[in-house]
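J.: My questions all concern the structure below.
Read-outs: derived from the displayed coordinates by stated rules, not from any lab. Fair warning: this is a prediction, and the values are worked out from it, not measured in the lab. Glycine gets a Cβ as well: all are built from the backbone with ideal geometry, and neighbour counts include every protein chain shown.
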Amino acid sequence: MSAVSLSDMTAERVAKRRESGLYRRLRTVERTDSDDPNRLRIDGKDCVAFCGNDYLSLRTHPVVIDACKRGAEAFGVGSGASQLISGHTAEHRRLEEELADFLGRPRVVLFSSGYLANLGAVGTLMDRHDTVFEDRLNHASLLDAARLSGARLKRYRHRDAGALAERLAGTARGKRLVASDGVFSMDGDIARLPELAKQCARHDAWLMVDDAHGFGVLGSGGRGTVEHFGLAASDVPVLMVTFGKALGSAGAAVAGAADLIDMLIQHARTCIYTTALPPPVVAAARAALAIVRDDPAPRQCLHANVARFRAAASQNSLPVCDSETPIQPLLIGDNRRTARIGDFLIEHGYWVGAIRPPTVPDGTARLRITLSSAHRPEQIDGLIDTLGRAFAAVPE
Ligand SMILES: *Cc1c(COP(=O)(O)O)cnc(C)c1O
């Protein structure tokens, strides 16, 4: 017997969200300007977006779009089946080979999203006899992956390898996996991978890095956080990268030793029991990867824009954080004030993420500003100016 009506339950939960200033609503992008990927029309209003993860502006790159069209013409729009049935096309195979080569790993396996890749990798490596160690600020998909695996989850203080070492030392039984974001998605700071790798070596643990925001962006060749620190593949034996951010496409891959990848193909349920990535999406990811590999210019524009934003934000006493990546949060704290500043910015032509709990810890609501290679100097200056007015217009 159910005592709770569905409509009462839903109304109550949504009302609670509203009361606490945490209500979320979908905004619809009605148009993207054909020659400026950051100029969007949302809900009838034109604005410059500083909230996406298309860091290299590849989602609208003509070469990437052309590859996408040709992928559809060659293999159809959908893959038609899972990878282990008939969904693994020559486009998938070539992307795997090119990615393994680019990352300097023996092999990769594709997943339909980063979320699924994390669930599949952690769930295959770990079971209820094991322990997963995670940074407190890891992406939700890594936390969910540990929970779903049935392993014990131990979280350690953000970027604190000493705290990790204590937890590792206090855990005797089973296999141990340390999983960390490479670049933290809401903070923009970079995990201390050399220290994590050292602790993993000392305590017989495996290190897995989710490099969704480092891939294509960090390292002199755009290979991500592992290249940024000059680490060897053996330091980070399990590497997850996604195609939805800097590659401007969709999907993900896990890269590693040939046996590891073969095991994932055998056992990762999120790889086996889902339709393979659409061939046009894979073709687009290949074209984007070739640009990342062959042309440092978009990455250089991106880093110049990050520097311009940071210099101007500091000069204007905006609450910048310690981040050298394209993710530049401005910490506010109060949920309602964050939402109202976000609304003010949209009214004045700028779209930034107004991020509140549970995406970030209580009391750390923030504006999440992201830079791309295509932002123009006057757009960055305009955002800084409007941010100053927004902070003044919405008092604490
Ligand atoms: C975006 C993101 C994911 C999820 O990737 P999708 O391909 O969007 O599912 C996983 N981890 C991190 C750190 C992310 O930022």
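J.: Would you mind working out the magnitude of the charge dipole of the chain relative to its Cα centre, with +1 at each Lys and Arg C-beta and -1 at each Asp and Glu C-beta, to the nearest 20 Debye?
T.: On the way: 49 positive and 47 negative charges, 181 e Å.
The dipole magnitude comes to about 860 debye.
J.: Report relative contact order for region 180-334 in percent, whole number only (criteria: Cα-Cα under 8 Å, sequence separation at least 6). If you can, show how the numbers build up before the last one.
T.: Numbers: 213 pairs, mean separation 34.3, N = 155.
For region 180-334, the relative contact order is 22 percent.
J.: Let me ask something else. Could you calculate the contour length gain from A297 to V14, that is, 0.36 nm times the residue separation minus the distance between their Cα atoms, to one decimal place in nm? Provide the component values of the computation, followed by the final result.
T.: On the way: separation 283, 0.36 × 283 = 101.88 nm, distance 4.57 nm.
In short, 97.3 nm is gained.
J.: Among 242-251, 291-300, 127-136, how do they line up by average Cβ neighbours within 10 Å per residue, starting with the highest?
T.: Ranking, from highest mean packing down: 242-251, 127-136, 291-300.
J.: Still on this structure, please answer the following. When the Cα atoms of region 294-355 are enclosed in a convex hull and the volume is divided per residue, what value in Å³ results? Write down the numbers at each step before the final one.
T.: Values: hull volume 6.4 nm³, N = 62.
It comes to 103 Å³ per residue, whole-number rounded.
J.: At a 10 angstrom cut-off on C-beta neighbours, averaged per residue, how do the peptides 265-275, 209-219, 13-23 rank from highest to lowest?
T.: Descending mean neighbour count gives 209-219, 265-275, 13-23.
J.: According to a simple spin-label model (label point 7 Å from Cα along Cα-to-Cβ), what is the distance in nm between A233 and D33?
T.: If labels sit at D33 and A233, their model points lie 4.3 nm apart.
J.: Turning to a different aspect of this structure: Take the alpha carbon atoms of region 314-353, find their center, do the same for region 116-186, and report the distance between the two centers in whole angstrom.
T.: The distance from the Cα centre of region 314-353 to that of region 116-186 comes to 30 Å.
J.: Amide H neighbours of K154 under 5 Å, at least 5 residues apart or on other chains, H built in the peptide plane: list them.
T.: Answer set, sorted by chain and number: V132, F133, E134.
J.: Excluding residues on the same chain fewer than 8 positions from K198, give the lysines whose Cα lies under 22 Å from its Cα.
T.: In chain and number order, the partners are K154, K175.
J.: Another question, if that's okay. Rg and Dmax in Å for the chain, alpha carbons only: what are they?
T.: My reading of the Cα-based Rg and Dmax gives 21.5, 63 Å.
J.: Still on this structure: Taking Cα pairs under 8 Å and at least six residues apart, what relative contact order does the chain come out at, in percent?
T.: 22 percent
J.: From the C-alpha gyration tensor of region 62-294, pull out the three semi-axes of the equivalent ellipsoid (sqrt of 5λ each), sorted largest to smallest, in whole Å.
T.: Taking √(5λ) for each Cα gyration eigenvalue gives 30, 19, 14 Å.
J.: Taking every DSSP beta bridge with both residues inside the chain, roughly what % is antiparallel (nearest 5)?
T.: About 60 percent, rounded to the nearest 5.
J.: Could you tell me what fraction of 2.2 N^0.38 Å the Cα radius of gyration of region 70-131 comes to, as a two-decimal ratio?
T.: 1.37
J.: Another question, then. Starting from 0.36 nm per residue, how many nanometres of slack lie between K175 and H129 once their C-alpha separation is accounted for?
T.: Contour length minus the Cα-Cα distance gives 15.8 nm.
J.: So what is the 222 nm mean residue ellipticity for the chain from helices alone, if each DSSP H run of at least 4 adds -39500 (n - 2.57) and you divide by all residues, rounding to the nearest 500 deg cm²/dmol?
T.: It comes out at -13000 deg cm²/dmol, rounded to the nearest 500.
J.: Oh, and also: Can you give the relative contact order of region 62-294 as a percent, counting alpha carbon pairs under 8 Å and 6+ residues apart?
T.: So the answer I get is 31 percent.
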